[in-house]
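S.K.: The structure follows.
Bear in mind these aren't lab numbers, they're just calculated from the coordinates by the rules spelled out. Since we're looking at a predicted model, the values are computed, not measured. Ideal geometry is used to build each Cβ from the backbone, glycine not excepted, and the neighbour counts take in all protein chains shown.
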Amino acid sequence: MTNTQFCFSRRSFALCVGLSIAASIAVSVTSASATTTIKPTPKPTTTPATELSAPLDLEYIADLEAWRERLEQSLRRDNGWLTLAGRFTLKDGVNTFGTGSDNDIVFPPQLMGVGPARLGSIVVDTKNKSVVLKAAEGTTWTSEGKPTSSERPLSTSSSKRDWVVLDRISMHIIERDGKYILRLADNQSDVRTNFKGRIWYEANPAFKTTAKYIAYPPGRTIPIVNVIDEVSDEPSPGYVEFKLRGKKYKLDAVGNDGGLFFVIRDKTSGDTTYRPSRFLYIEKKPEPNTTFTLDFNRAYNPPCAFSEFTTCPLPPKQNILPLRLDAGEKYRKPA
């Protein structure tokens, strides 16, 4: 998942959320890990809703399980959300960094011994919008497995993160509204090492329903708040209407890539699922006023459910559903 780091900014939300999530769920998996076996839930004894799809078949279950496994592998990969170890706002000018206490940016103590106490400096020029890494003498940083020069420009592009690596340390720079932020990863972090895996509800046909996509006029935006109370107006291409258990609901999409991205919350939030939000992504945007399958068995957790060093969006009030969605990913609370 080279380009799949979720990000949230007033300028790049659509690209980071839409394109990156699409890339993440399309990535191929070649290694195996523990995964939750998905079994169809027995039919409820109560009267089923009229909009329910046909009972889940083996092909659907296999496809859903493969999708969930791709998410699992994406999360566990090098430089993934489980490896994040710090998020540092850089000042204009020289920013020294390393584990030494006299640095401007002090890395966490578990990284002591990886190179000298001062690993170098990052020079920020906000006027010219440039960021340059100046590595300490004797350190050899790499980029995509190849040695990089001791003085190297760092890209802040959201479409492809410019990671530089020193042993177990990886880092790249992100830009947020004119501010430059160093995102640090430790590929031997305890969080990654001790992670027990995503947990899911069993597949349930009651939460696989038919929806209609209605496009908004071009240029429409909706306010989105993130977990650190930053507010931004994000593009909203349209909304979907659907029924669950005989009642009609609506969800606004955000982003402007080729799919539909939803930030949602429901009455399982804070109980069996992650309290702030979950995500749902439709890879291909339907034609306006046409129907498609909306499958809440594919609701999944945002990066903030796994790392304290991320800034994820919260759902707009119209995307807070007054019912339980006992489907998709659950939340494994920290031990």
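S.K.: How many nm separate the modelled label positions at LYS317 and LYS284, each set 7 Å beyond the Cα in the direction of the Cβ?
M.R.: Between LYS317 and LYS284, the label points sit 3.7 nm apart.
S.K.: Here is a follow-up. Taking the alpha-carbon centroid of each part, what is the distance from region 170-244 to region 107-138 in angstrom?
M.R.: Value for the Cα centre distance between the two parts: 30 Å.
S.K.: Shifting gears a bit: With no solvent and one equal point scatterer per Cα, compute the Debye intensity ratio I(q)/I(0) for region 84-186 at 0.10, 0.14 Å⁻¹ and report its log10, rounded to two decimals.
M.R.: Cα-only, vacuum Debye calculation for region 84-186: -0.23, -0.47.
S.K.: With the cut-off at 1.5 for a/c, could you classify region 65-127 from its C-alpha gyration tensor as rounded, prolate or oblate?
M.R.: Verdict is oblate for region 65-127.
S.K.: Where does the charge balance sit around TYR201 when Lys and Arg score +1, Asp and Glu -1, over other residues with C-beta under 10 Å from its C-beta?
M.R.: -2
S.K.: Give the lysines whose C-alpha is closer than 16 Å to that of LYS284, dropping any in the same chain fewer than 8 places away, or say none.
M.R.: Hits, sequence-local ones excluded: LYS212.
S.K.: At most 12 other Cβ atoms within 10 Å and a DSSP loop assignment: could you name the trypsin sites (Lys or Arg not before Pro) in region 137-197 that fit?
M.R.: Answer by residue number: LYS160, LYS196.
S.K.: Continuing with the same structure: List nothing, just return the count: lysine pairs in region 84-186, 8 or more apart or interchain, with Cα separation under 24 Å.
M.R.: So the count of such lysine pairs works out to 14.
S.K.: While we're here: Give, in nm to one decimal, the length gained when the segment between GLN110 and ASP177 is fully stretched (0.36 nm per residue of separation minus the Cα-Cα distance).
M.R.: Answer, rounded to one decimal: 21.0 nm.
S.K.: Rounded if a/c is under 1.5, else prolate if a/b beats b/c, else oblate: with a ≥ b ≥ c from the C-alpha gyration tensor eigenvalues square-rooted, which is region 145-234?
M.R.: Since a/c reaches 1.5 but b/c is at least a/b, the shape of region 145-234 is classed as oblate.
S.K.: Then there is this: Taking region 233-335, which GluC sites (Glu not before Pro) meet the DSSP loop condition and have no more than 14 other C-beta atoms within 10 Å?
M.R.: Taking region 233-335 and a limit of 14 other Cβ atoms within 10 Å, the loop GluC sites (Glu not before Pro) found are GLU283, GLU308.
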